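Contents: one structure, followed by commentary.
Every read-out reported here was derived from the displayed coordinates using simple, explicitly stated rules and does not represent laboratory data. Quantities reported herein were computed from a predicted structural model and do not represent experimental measurements. Because the Cβ atoms are built from the backbone with ideal geometry, glycine has one as well, and the counts that use them run over all protein chains shown.
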Amino acid sequence: MPHPTTFADASASLQQAEYVLLGVPFDRTTSFRPGARFGPDSIRQHSWNFESYDLETGLSLGDLAIHDLGNTDEFGTASEMADSVREEIRPLYAAGKVPIVLGGDHACSPPAVEAYPDDAPSLGVLYLDAHMDFRSNYLGDRRSHACSARRILEKVGARNIVVLGVRSVSAGEMEDLRSLGMSYITAHEVAQEGIESAAQRALNMLKTERIYISLDIDAIDPAYAGATGTPEPFGLTPRDVKHVFDTAAPRLAGLDIMEVSPHYDTGNTSALAARLAREAIVRRAAAVGRQ
Ligand code: MN
Ligand code: MN
């Protein structure tokens with residue numbers, strides 16, 4: 001596969017770019033099986049599988065201003081990783097760019113949200129995950145991937161985060177999220193009411209001007225995305241997630257795709273992650289006008 005370390009069609013300079021990719025090859029907080037540190041480069045490799053031209057919008061990704069910053073350094077602790085990711089992402093928002101962060105385990109998401117400037121248009125977070133990720137700390141680490149929705153809630157406020165696709169949670173997390181007032185829509189509700197209704201409900205809950213989407217790839221059923229650290233049955237379909245991306249595109253402030261652990265399949269999960277990143281870019285471009 002050609003150009004293994006750069007995302008396909010990421011040919012713009014950083015200065016010109018509107019969409020900026022950053023890989024975070026960090027998986028030190030994975031709780032079941034590791035390997036998400038290989039996610040960013042695998043997603044990049046698989047991005048070359050796809051045509052630049054997008055059938056639905058008529059846009060070509062080759063004409064869009066996309067830049068790939070490559071990967072961050074490696075870090076000893078999640079806290080060091082978070083400090084560094086925050087510093088890398090902050091200037092991107094400040095310059096009006098849309099960051100697209102490729103993980104890495106889900107611990108890499110909170111700093112990408114925390115980097116959002118307080119004086120920018122209001123920000124809500126759509127958090128797609130099989131898990132609630134709502135522990136106060138996990139094994140003594142507040143920066144664990146099991147705590148990421150909670151850390152994000154602390155940044156944006158309980159009314160400005162919705163967890164979508166969840167189907168695994170502890171009793172303690174349920175107690176905490178009820179007292180803090182976080183909203184969620186389960187994967188079972190999505191199956192029952194349909195994704196159009198569920199996505200609309202989720203977007204209506206977020207009253208903010210802009211939306212950051214955090215996709216834990218395990219939100220999608222292991223039948224489609226089995227290469228991940230903590231696979232959980234009864235998940236969303238790829239098309240469900242595509243619909244969410246398409247619907248949220250006009251308000252998209254940033255995106256991350258986390259927990260792709262490529263060695264557990266032969267490439268389908270990485271291909272799906274790459275395709276969804278491209279979907280988010282081209283749909284937002286179509287919604288806001290070509291830059
Ligand atoms: Mn997660
Ligand atoms: Mn998860």
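Quick one: order ASP256, ASP9, ASP141 by neighbouring beta-carbon count within 10 Å, fewest to most. Present the calculation step by step, with values, prior to reporting the outcome.
On the way: ASP256 26, ASP9 22, ASP141 17.
Fewest-to-most ranking of ASP256, ASP9, ASP141: ASP141, ASP9, ASP256.
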Task: Residue exposure sequence - CYS147, CYS108 - by fewest surrounding Cβ within 10 Å - done: CYS147, CYS108
Task: Cα centroid separation - the range 11-40 against the range 134-210, whole Å - done: 22 Å
Open item on the list: Over the chain, what is the relative contact order in percent, taking alpha-carbon pairs closer than 8 angstrom and at least six residues apart?
Closed with: 23 percent
Open item on the list: Under the √(5λ) rule applied to the eigenvalues of the Cα gyration tensor, what semi-axes describe the equivalent ellipsoid of the chain? Give them in Å, descending.
Closed with: 25, 21, 20
Open item on the list: Among PRO262, PRO250, PRO99, which one shows the highest mean-square fluctuation when the chain is modelled as a Gaussian network with alpha-carbon springs under 10 Å?
Closed with: PRO250
- [ ] With an 8 Å cut-off on Cα pairs and a minimum separation of 6 or more residues, tell me the relative contact order of the range 1-144 in percent.
- [x] 32 percent
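Note down the relative contact order for the range 18-99 as a percent, whole number, built from C-alpha pairs under 8 angstrom at least six residues apart.
Working: 84 pairs, mean separation 37.7, N = 82.
So the answer I get is 46 percent.
Going by average Cβ neighbours within 10 Å, how do the peptides 83-93, 17-27 rank, with the highest at the top? Intermediate results must be reported in sequence, preceding the final value.
Details: 83-93: 18.3, 17-27: 24.9.
Those peptides, ordered most packed to least, come out 17-27, 83-93.
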Task: Highest-fluctuation residue, SER47, SER168, SER148 considered, GNM on the chain with Cα pairs under 10 Å - done: SER168
